[in-house]
1. Given an 8 Å cut-off on Cα distances and at least 6 residues of separation, report the relative contact order of the range 8-237 as a percent.
2. Taking N as the number of residues in the range 14-81, what is its Cα Rg relative to 2.2 N^0.38 Å?
3. From the helices alone, meaning DSSP H stretches of at least four residues, give me the mean residue ellipticity at 222 nm for the chain, per-run term -39500 (n - 2.57), in deg cm²/dmol to the nearest 500.
4. Regarding the chain, what's the average projected area of the Cα-atom convex hull, expressed in nm²?
5. Suppose each label sits 7 Å from its Cα in the direction of the beta carbon; what would the residue 104-residue 277 distance come out to in nanometres?
6. Run the Debye formula on the Cα coordinates of the range 157-213, all scatterers equal and no solvent, and tell me log10 I(q)/I(0) at q = 0.14 1/Å.
7. Just rank 230, 77, 272, fewest to most, by other beta-carbon atoms within 10 angstrom.
8. Which percent, to the nearest 5, of DSSP beta bridges fully inside the range 8-237 are antiparallel?
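Derivation of every value follows stated rules applied to the coordinates shown; laboratory data play no part. Source: prediction; values computed, not measured. Glycine also receives a Cβ, built like all others from the backbone with ideal geometry; neighbour counts cover every protein chain displayed.
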């Protein structure tokens, strides 16, 4: 069931020493109706969660303080044991649905949440990230003004564990194949989808552990051009506990992303070009000093697997020489 976002005074008080958004500040409330007089569409926020630690309460408040009049907040927790359940209980009155228990991983949790979503618009939002003020109102207005669009994307801000800004990335989308080749970038965590396109796509691919977000966007943007807005929607928290920030997951997650992209490129003129391009990328990865020697050898293997012809190139000989000497080639 959808609710209006609560006023700041109704939420639990901010912890001592926490100030600003979303602790002591809230977004301006939305006008009673959209500019064309229609009611605001329900936005379903689906949040998968597992031991999000100290970031959880800030994430919850950044959704609840959007000043949006039609919010459906759905949380699917994988059975957190880090104290997060106590935080969830404090904010339980504003959650349309909350479940905590074993699941088959993040992708499964997302699909379970999507199956419960009833809103016209859906945001998949992780429990360690941060929605930025006014993003819900801006996204709804943009899609209302462009009824033929099925997803709206804003920019994203990267922050560290303490919430300090690291960098900004505006949304950019030039073509579908450029997106697959990473020549332009949009992010799932900055994207509001019409629910029907998520249903059409069949939700998230549960066989994927790392790149399920990018795979979803590749599949959807092949048929639906994203509507870009000049506003930052979400902050992504780069911290040591995130599975996509660990060196020990680097090879499996990048290899998984390559496989997912190649599956979508099958039968297109870009398939073989992508394989060659990624092979040279893997040669470059073999020089990462943060990786162990066995990991760097696996990077060389990935390069050969994608394009065996690289073994006769100067780049391969340089990479192999760097491994032999224990440092990157000059």
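1. Value for the range 8-237: 22 percent.
2. 1.34
3. Mean residue ellipticity at 222 nm (helix-derived): -10500 deg cm²/dmol.
4. Values: hull surface 72.5 nm².
For the chain, averaging the hull's shadow over all directions gives 18.1 nm².
5. 3.2
6. -0.56
7. The most exposed by this proxy come first: 230, 272, 77.
8. Working: 12 of 34 bridges.
The answer is about 35 percent antiparallel.
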